Amino acid sequence: MEDKSRITGYTELVGLFAYPIRHSNSPAMQTELFRKAGINCIQLAFEVDNSTLKDAVQAIRALKMRGANVSMPNKTVVGQYLDKLSPIAQLVGSVNTIVNENGVLTGYCTDGIGYMKALQEEGIDVRGQKMTVVGAGGAATAIQIQAAMDGVAEIAIFNVKDAFYAAGEETVRKINEQTNCHAAIYDLNDHEALRREIADSFLLANATGLGMKPYEGVTWLPNVSYLRPDLIVTDTVYAPPMTRLLEMAREVGCRTINGHGMMVCQGEEAFRLWTEKRVDC
Ligand code: NAD
(Lines give C-alpha, C1' and ligand atoms only; values in the text may rest on other atoms or scores of the structure.)
Protein backbone atom coordinates (compact mmCIF):
# COMPACT_ATOMS: atom_id res chain seq x y z
CA MET A 1 0.00 0.00 0.00
CA GLU A 2 1.19 3.54 -0.79
CA ASP A 3 2.54 5.41 2.26
CA LYS A 4 0.52 8.67 2.20
CA SER A 5 2.89 10.36 4.65
CA ARG A 6 5.79 10.03 2.16
CA ILE A 7 6.66 13.17 0.23
CA THR A 8 6.44 12.42 -3.48
CA GLY A 9 6.02 14.31 -6.72
CA TYR A 10 2.28 14.19 -6.07
CA THR A 11 2.34 15.65 -2.55
CA GLU A 12 -0.03 18.61 -2.31
CA LEU A 13 0.44 21.74 -0.22
CA VAL A 14 -1.68 24.04 1.93
CA GLY A 15 -0.01 27.17 3.27
CA LEU A 16 -0.19 29.13 6.48
CA PHE A 17 0.39 32.83 5.86
CA ALA A 18 1.09 34.97 8.93
CA TYR A 19 3.77 36.89 10.78
CA PRO A 20 5.03 35.89 13.29
CA ILE A 21 4.17 32.25 12.66
CA ARG A 22 7.11 29.98 13.49
CA HIS A 23 5.54 29.11 16.90
CA SER A 24 2.33 27.71 15.34
CA ASN A 25 1.07 24.14 15.96
CA SER A 26 -1.11 24.32 12.86
CA PRO A 27 1.32 22.74 10.29
CA ALA A 28 1.84 19.70 12.54
CA MET A 29 -1.89 19.42 13.30
CA GLN A 30 -3.10 19.81 9.70
CA THR A 31 -0.41 17.51 8.27
CA GLU A 32 -1.40 14.85 10.83
CA LEU A 33 -5.09 15.22 9.83
CA PHE A 34 -4.16 14.74 6.16
CA ARG A 35 -2.03 11.69 7.04
CA LYS A 36 -4.85 10.14 9.10
CA ALA A 37 -7.30 10.74 6.25
CA GLY A 38 -4.90 9.10 3.77
CA ILE A 39 -4.47 12.32 1.76
CA ASN A 40 -0.99 13.07 0.44
CA CYS A 41 -0.89 16.73 1.48
CA ILE A 42 1.10 18.77 3.99
CA GLN A 43 0.83 22.23 5.52
CA LEU A 44 3.83 24.57 5.69
CA ALA A 45 4.08 27.92 7.48
CA PHE A 46 5.29 30.97 5.55
CA GLU A 47 6.27 34.30 7.08
CA VAL A 48 3.89 36.55 5.16
CA ASP A 49 2.76 40.01 6.20
CA ASN A 50 0.61 42.59 4.39
CA SER A 51 3.51 43.61 2.11
CA THR A 52 3.89 40.09 0.58
CA LEU A 53 0.32 38.84 0.98
CA LYS A 54 -0.85 39.54 -2.57
CA ASP A 55 2.06 37.53 -4.06
CA ALA A 56 1.48 34.71 -1.55
CA VAL A 57 -2.19 34.47 -2.59
CA GLN A 58 -1.18 34.48 -6.26
CA ALA A 59 1.18 31.58 -5.46
CA ILE A 60 -1.83 29.49 -4.35
CA ARG A 61 -3.13 29.73 -7.92
CA ALA A 62 0.28 29.42 -9.61
CA LEU A 63 1.38 26.39 -7.56
CA LYS A 64 -2.10 24.79 -7.58
CA MET A 65 -2.07 24.60 -3.78
CA ARG A 66 -5.23 23.27 -2.09
CA GLY A 67 -5.47 26.51 -0.16
CA ALA A 68 -4.11 28.17 2.96
CA ASN A 69 -4.79 29.31 6.48
CA VAL A 70 -4.33 33.01 7.12
CA SER A 71 -3.61 34.59 10.48
CA MET A 72 -2.58 37.97 11.86
CA PRO A 73 -1.85 40.49 10.38
CA ASN A 74 -3.52 39.25 7.18
CA LYS A 75 -7.02 38.15 8.20
CA THR A 76 -8.82 41.41 7.51
CA VAL A 77 -6.71 42.31 4.44
CA VAL A 78 -6.69 39.13 2.36
CA GLY A 79 -10.34 39.31 1.17
CA GLN A 80 -9.51 41.84 -1.57
CA TYR A 81 -7.17 39.33 -3.30
CA LEU A 82 -9.73 36.48 -3.38
CA ASP A 83 -12.43 35.65 -5.95
CA LYS A 84 -15.25 34.92 -3.48
CA LEU A 85 -16.07 35.17 0.22
CA SER A 86 -18.39 32.91 2.23
CA PRO A 87 -21.41 34.76 3.69
CA ILE A 88 -19.88 34.50 7.19
CA ALA A 89 -16.45 35.78 6.06
CA GLN A 90 -18.24 38.68 4.40
CA LEU A 91 -20.22 39.50 7.55
CA VAL A 92 -17.24 39.12 9.89
CA GLY A 93 -14.89 40.99 7.53
CA SER A 94 -12.16 38.45 8.19
CA VAL A 95 -10.75 35.35 6.44
CA ASN A 96 -8.71 32.59 8.09
CA THR A 97 -9.09 29.86 5.45
CA ILE A 98 -8.68 29.97 1.67
CA VAL A 99 -9.92 27.12 -0.54
CA ASN A 100 -8.64 26.73 -4.10
CA GLU A 101 -11.16 25.16 -6.46
CA ASN A 102 -9.56 24.99 -9.92
CA GLY A 103 -7.99 28.41 -9.56
CA VAL A 104 -11.03 30.06 -7.95
CA LEU A 105 -10.10 31.17 -4.43
CA THR A 106 -12.83 31.41 -1.77
CA GLY A 107 -12.27 32.90 1.69
CA TYR A 108 -13.91 31.45 4.81
CA CYS A 109 -13.85 32.40 8.48
CA THR A 110 -13.84 29.31 10.71
CA ASP A 111 -13.05 31.00 14.08
CA GLY A 112 -16.70 31.48 15.06
CA ILE A 113 -17.66 28.01 13.84
CA GLY A 114 -14.73 26.62 15.87
CA TYR A 115 -15.91 28.42 19.02
CA MET A 116 -19.52 27.24 18.65
CA LYS A 117 -18.46 23.69 17.80
CA ALA A 118 -16.15 23.56 20.82
CA LEU A 119 -19.11 24.56 23.05
CA GLN A 120 -21.25 21.89 21.42
CA GLU A 121 -18.53 19.30 22.05
CA GLU A 122 -18.71 20.27 25.74
CA GLY A 123 -22.48 19.65 25.66
CA ILE A 124 -23.27 23.38 25.95
CA ASP A 125 -26.24 24.71 23.96
CA VAL A 126 -26.31 28.52 23.80
CA ARG A 127 -29.23 28.73 21.37
CA GLY A 128 -32.00 30.91 22.81
CA GLN A 129 -29.67 32.11 25.59
CA LYS A 130 -27.86 35.38 26.36
CA MET A 131 -24.08 35.77 26.07
CA THR A 132 -21.81 38.56 27.23
CA VAL A 133 -18.72 38.73 25.01
CA VAL A 134 -15.78 40.99 25.83
CA GLY A 135 -13.85 42.05 22.74
CA ALA A 136 -14.50 43.58 19.31
CA GLY A 137 -11.47 42.34 17.34
CA GLY A 138 -11.26 39.50 14.81
CA ALA A 139 -11.96 36.58 17.17
CA ALA A 140 -14.71 38.43 19.05
CA THR A 141 -16.49 39.50 15.84
CA ALA A 142 -16.37 35.95 14.44
CA ILE A 143 -17.84 34.55 17.68
CA GLN A 144 -20.55 37.22 17.92
CA ILE A 145 -21.69 36.87 14.28
CA GLN A 146 -21.62 33.06 14.34
CA ALA A 147 -23.47 32.93 17.68
CA ALA A 148 -26.15 35.30 16.37
CA MET A 149 -26.55 33.23 13.19
CA ASP A 150 -26.69 29.99 15.19
CA GLY A 151 -29.65 31.21 17.28
CA VAL A 152 -28.25 32.90 20.41
CA ALA A 153 -31.06 35.22 21.59
CA GLU A 154 -29.07 38.16 22.96
CA ILE A 155 -25.44 39.31 22.95
CA ALA A 156 -23.99 42.05 25.14
CA ILE A 157 -20.65 43.20 23.74
CA PHE A 158 -18.12 45.07 25.88
CA ASN A 159 -14.94 46.74 24.66
CA VAL A 160 -12.63 49.49 25.77
CA LYS A 161 -12.99 52.70 23.75
CA ASP A 162 -10.05 51.93 21.48
CA ALA A 163 -9.86 51.55 17.68
CA PHE A 164 -11.86 48.29 17.87
CA TYR A 165 -14.93 49.91 19.46
CA ALA A 166 -16.29 51.10 16.10
CA ALA A 167 -15.96 47.54 14.76
CA GLY A 168 -18.09 46.41 17.71
CA GLU A 169 -20.75 49.02 16.84
CA GLU A 170 -20.73 47.75 13.25
CA THR A 171 -21.15 44.15 14.48
CA VAL A 172 -24.15 45.23 16.59
CA ARG A 173 -25.70 46.89 13.54
CA LYS A 174 -25.20 43.80 11.35
CA ILE A 175 -26.55 41.39 13.99
CA ASN A 176 -29.64 43.49 14.68
CA GLU A 177 -30.36 44.03 10.97
CA GLN A 178 -29.58 40.58 9.63
CA THR A 179 -30.36 38.05 12.38
CA ASN A 180 -33.05 37.40 14.98
CA CYS A 181 -30.53 38.01 17.78
CA HIS A 182 -30.53 41.28 19.73
CA ALA A 183 -27.08 42.83 20.27
CA ALA A 184 -25.83 45.90 22.15
CA ILE A 185 -22.38 47.32 22.87
CA TYR A 186 -21.10 48.97 26.05
CA ASP A 187 -17.87 50.55 27.25
CA LEU A 188 -15.89 47.94 29.20
CA ASN A 189 -15.16 50.62 31.80
CA ASP A 190 -18.90 50.96 32.54
CA HIS A 191 -18.84 48.54 35.47
CA GLU A 192 -22.50 49.05 36.30
CA ALA A 193 -23.46 47.86 32.80
CA LEU A 194 -20.95 45.00 32.97
CA ARG A 195 -22.45 43.74 36.26
CA ARG A 196 -26.02 44.09 34.94
CA GLU A 197 -25.38 42.31 31.62
CA ILE A 198 -23.38 39.45 33.16
CA ALA A 199 -26.09 38.98 35.82
CA ASP A 200 -28.65 37.59 33.35
CA SER A 201 -26.19 35.96 30.93
CA PHE A 202 -25.92 32.21 30.47
CA LEU A 203 -22.31 32.52 29.31
CA LEU A 204 -19.47 35.06 29.64
CA ALA A 205 -16.69 35.00 27.02
CA ASN A 206 -13.32 36.71 26.88
CA ALA A 207 -12.27 37.34 23.28
CA THR A 208 -9.53 39.89 24.00
CA GLY A 209 -5.83 39.11 24.32
CA LEU A 210 -5.91 39.84 28.07
CA GLY A 211 -4.67 36.71 29.82
CA MET A 212 -1.95 35.86 27.29
CA LYS A 213 1.47 37.42 26.71
CA PRO A 214 2.18 40.31 27.27
CA TYR A 215 -0.94 40.39 29.49
CA GLU A 216 -0.47 37.09 31.36
CA GLY A 217 -2.18 37.13 34.76
CA VAL A 218 -4.32 40.12 33.75
CA THR A 219 -8.10 40.36 33.26
CA TRP A 220 -10.65 43.12 32.66
CA LEU A 221 -13.00 41.59 35.29
CA PRO A 222 -12.88 43.89 38.34
CA ASN A 223 -13.52 41.10 40.92
CA VAL A 224 -15.35 37.80 41.48
CA SER A 225 -18.54 39.47 42.72
CA TYR A 226 -19.58 39.84 39.03
CA LEU A 227 -19.79 36.05 38.68
CA ARG A 228 -22.15 33.35 39.96
CA PRO A 229 -21.63 29.57 40.10
CA ASP A 230 -24.06 28.69 37.29
CA LEU A 231 -22.40 31.07 34.79
CA ILE A 232 -20.28 29.41 32.08
CA VAL A 233 -17.02 31.33 31.50
CA THR A 234 -14.95 30.83 28.33
CA ASP A 235 -11.69 32.27 27.05
CA THR A 236 -10.30 32.37 23.49
CA VAL A 237 -6.81 32.29 25.04
CA TYR A 238 -5.33 28.77 25.18
CA ALA A 239 -1.74 29.56 26.21
CA PRO A 240 -1.62 29.69 29.16
CA PRO A 241 -4.47 27.19 29.56
CA MET A 242 -5.63 28.84 32.80
CA THR A 243 -6.01 32.61 32.45
CA ARG A 244 -6.63 34.98 35.36
CA LEU A 245 -10.30 35.24 34.27
CA LEU A 246 -10.75 31.45 34.30
CA GLU A 247 -8.96 31.24 37.68
CA MET A 248 -11.42 33.76 39.17
CA ALA A 249 -14.34 31.89 37.61
CA ARG A 250 -13.07 28.60 39.11
CA GLU A 251 -12.91 30.28 42.55
CA VAL A 252 -16.64 30.99 42.30
CA GLY A 253 -17.45 27.48 41.03
CA CYS A 254 -18.22 28.40 37.40
CA ARG A 255 -17.70 25.92 34.59
CA THR A 256 -14.67 27.16 32.60
CA ILE A 257 -13.52 26.47 29.03
CA ASN A 258 -10.27 27.80 27.54
CA GLY A 259 -9.49 28.46 23.85
CA HIS A 260 -7.91 25.08 23.09
CA GLY A 261 -11.14 23.48 21.84
CA MET A 262 -11.86 26.51 19.65
CA MET A 263 -8.36 26.33 18.17
CA VAL A 264 -8.68 22.62 17.37
CA CYS A 265 -12.23 22.95 16.00
CA GLN A 266 -11.48 25.95 13.77
CA GLY A 267 -8.53 24.01 12.32
CA GLU A 268 -10.70 20.95 11.75
CA GLU A 269 -13.30 23.09 10.03
CA ALA A 270 -10.57 24.41 7.70
CA PHE A 271 -9.47 20.81 7.05
CA ARG A 272 -13.08 19.88 6.23
CA LEU A 273 -13.29 22.76 3.75
CA TRP A 274 -10.12 21.56 1.99
CA THR A 275 -11.16 17.92 1.96
CA GLU A 276 -14.92 17.79 2.58
CA LYS A 277 -14.12 15.19 5.26
CA ARG A 278 -15.57 15.72 8.72
CA VAL A 279 -13.32 14.87 11.69
CA ASP A 280 -14.29 14.80 15.36
CA CYS A 281 -12.92 17.38 17.77
P1 NAD B 1 -7.49 41.54 17.71
O2 NAD B 1 -6.20 42.28 17.72
O3 NAD B 1 -8.31 41.50 16.47
O4 NAD B 1 -8.45 42.14 18.89
C5 NAD B 1 -7.93 42.47 20.15
C6 NAD B 1 -9.06 42.76 21.14
O7 NAD B 1 -8.48 42.93 22.46
C8 NAD B 1 -9.83 44.05 20.85
O9 NAD B 1 -11.18 43.86 21.24
C10 NAD B 1 -9.16 45.06 21.78
O11 NAD B 1 -10.02 46.16 22.11
C12 NAD B 1 -8.90 44.20 22.99
N13 NAD B 1 -7.85 44.73 23.86
C14 NAD B 1 -6.56 44.93 23.51
N15 NAD B 1 -5.89 45.46 24.57
C16 NAD B 1 -6.80 45.56 25.58
C17 NAD B 1 -6.72 46.02 26.92
N18 NAD B 1 -5.58 46.46 27.44
N19 NAD B 1 -7.85 45.96 27.68
C20 NAD B 1 -9.00 45.49 27.19
N21 NAD B 1 -9.14 45.06 25.91
C22 NAD B 1 -8.04 45.10 25.13
O23 NAD B 1 -7.14 40.06 18.22
P24 NAD B 1 -7.93 38.70 17.92
O25 NAD B 1 -7.39 38.07 16.72
O26 NAD B 1 -9.39 39.00 18.00
O27 NAD B 1 -7.47 37.82 19.17
C28 NAD B 1 -7.98 38.03 20.46
C29 NAD B 1 -7.60 36.84 21.34
O30 NAD B 1 -8.23 35.66 20.84
C31 NAD B 1 -6.09 36.53 21.35
O32 NAD B 1 -5.75 36.12 22.64
C33 NAD B 1 -5.97 35.38 20.37
O34 NAD B 1 -4.85 34.56 20.67
C35 NAD B 1 -7.25 34.64 20.64
N36 NAD B 1 -7.69 33.79 19.52
C37 NAD B 1 -7.89 32.48 19.78
C38 NAD B 1 -8.32 31.65 18.78
C39 NAD B 1 -8.53 30.18 19.07
O40 NAD B 1 -8.69 29.40 18.13
N41 NAD B 1 -8.59 29.80 20.34
C42 NAD B 1 -8.56 32.14 17.48
C43 NAD B 1 -8.36 33.51 17.24
C44 NAD B 1 -7.91 34.34 18.28
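The values are calculated or read from the model by the stated rules, or taken from the named source; none is laboratory data. Just so it is clear, the model here is predicted, and its values are computed rather than measured. Methodologically, a virtual Cβ is constructed for each residue, glycine included, from the backbone with ideal geometry; neighbour enumeration extends over all protein chains shown. For accessibility, only protein heavy atoms count, side chains too; no ligands or nucleic acids. Shrake-Rupley method; radii C 1.70, N 1.55, O 1.52, S 1.80 Å.
Quick look at the numbers
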{"item": "Segment 155-175 residues that are farther than 17 Å from residue 210 by Cα and assigned by TED's automatic domain parsing to the domain that holds residue 142, paired with ones that are away from the ligand (no atom under 12 Å from the Cβ) and in a strand (DSSP E or B) (beta carbon under 6 Å, 6 or more apart)", "result": "155/131; 155/183; 156/132; 156/184; 172/183; 175/183"}
{"item": "Condition check for residue 137: surrounded by fewer than 24 Cβ atoms within 10 Å (Cβ to Cβ) and modelled with pLDDT under 95", "result": "yes"}
{"item": "Residue list for segment 231-259, filter: modelled with pLDDT of 95 or more and within 17 Å of residue 116 (Cβ to Cβ)", "result": "232, 233, 234, 235, 236, 255, 257, 258, 259"}
{"item": "Residue count, segment 133-191 (criterion: of a type in the set (D, E, K, R), more than 21 Å from residue 95 (Cα to Cα), out of contact with any Cys (no Cβ under 8 Å at 6 or more places or on another chain) and away from the ligand (no atom under 15 Å from the Cβ))", "result": "1"}
{"item": "Residues of segment 28-49 that turn out to be outside any helix (DSSP H, G or I) and open to solvent by 70 Å² or more (accessible area, probe 1.4 Å), as a count", "result": "3"}
{"item": "Among (1) within 11 Å of the ligand (Cβ to nearest atom); (2) surrounded by fewer than 22 Cβ atoms within 10 Å (Cβ to Cβ), the one test that residue 237 misses", "result": "(2)"}
{"item": "All positions within segment 173-191 that are surrounded by fewer than 21 Cβ atoms within 10 Å (Cβ to Cβ) and assigned to a helix (DSSP H, G or I)", "result": "173, 174, 176, 177, 178, 191"}
